[in-house]
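One structure is given here, and the rest of the page talks about it.
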Amino acid sequence: NTIEFTGALHATVVKQLRLKNPSSKTLIYNAILVGRDADDFSLPKGKTVTIAPKRQTSIIVEFTSRFLRPAEAVLLLISKSVGGIDGATMTFSLKSEVKHIEP
């Protein structure tokens, strides 16, 4: 999946990802941002994501543009084993585009 961040130069754009846990066990993920522009993206709620059984949760991803060129990074969600239960590793492509410049 690709998540696109569009906004003004130096503006912070916030996106929310919804994750569902269809299993009857708690899933815990470590979130990691990697790539050329990973430093421009952040996870304000921290890098550990816990999803209760049969529930859903949201991850907030923020992007602040520093340059006019498009920025790219990858969000990796790597499952931690809980009682022998592992969730699937998930990847999201993060891309940005500066649409305008405000003085």
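The values are calculated or read from the model by the stated rules, or taken from the named source; none is laboratory data. Remember, it's a predicted structure, so these values are computed and weren't measured experimentally. Cβ: placed from backbone, ideal geometry, glycine included. Neighbour counts: every protein chain shown. All accessible areas refer to the heavy atoms of the entire protein, side chains included, with ligands and DNA or RNA removed. Shrake-Rupley method; radii C 1.70, N 1.55, O 1.52, S 1.80 Å.
Scanning region 16-33 for residues that are of a type outside the set (A, V, I, L, M) and either farther than 16 Å from residue 77 by Cα or open to solvent by less than 70 Å² (accessible area, probe 1.4 Å) (or both) yields 21, 22, 23, 24, 25, 26, 29, 30. Residues in region 53-68 that are in a strand (DSSP E or B) and closer than 17 Å to residue 38 by Cα: 59, 60, 61, 62, 63, 64. Filtering region 43-52 for residues that are in contact (Cβ under 8 Å) with a residue 24 or more places away in the chain, outside any loop (DSSP other than H, G, I, E, B) and open to solvent by 20 Å² or more (accessible area, probe 1.4 Å) leaves a non-empty set. The residue that is farthest from the chain's Cα centre (by Cα), counting only those in region 11-42 that are within 30 Å of residue 98 (Cα to Cα) and in a loop (DSSP other than H, G, I, E, B), is 11.
Among the residues making up region 24-38, those that are small (Gly, Ala, Ser) and at negative phi are 24, 31, 38. When restricted to residues that are over 14 Å from residue 29 (Cβ atoms) and surrounded by 15 or more Cβ atoms within 10 Å (Cβ to Cβ), region 66-75 contains 4. Residue 73 fulfils the conditions (1) assigned to a strand (DSSP E or B); (2) touching a residue at least 60 places away in the same chain (Cβ under 8 Å) except for a single criterion, (2). Test residue 63 against the stated conditions and say whether it is within 15 Å of residue 11 (Cα to Cα), in contact with a helix residue (DSSP H, G or I) (Cβ under 9 Å, 6 or more places away or on another chain) and buried (at least 16 other Cβ atoms within 10 Å of the Cβ). So residue 63 fits the description; yes.
Considering only region 76-95, how many residues are among the charged types (D, E, K, R), part of a strand (DSSP E or B) and either modelled with pLDDT under 95 or open to solvent by less than 70 Å² (accessible area, probe 1.4 Å) (or both)? The qualifying residues number 1.
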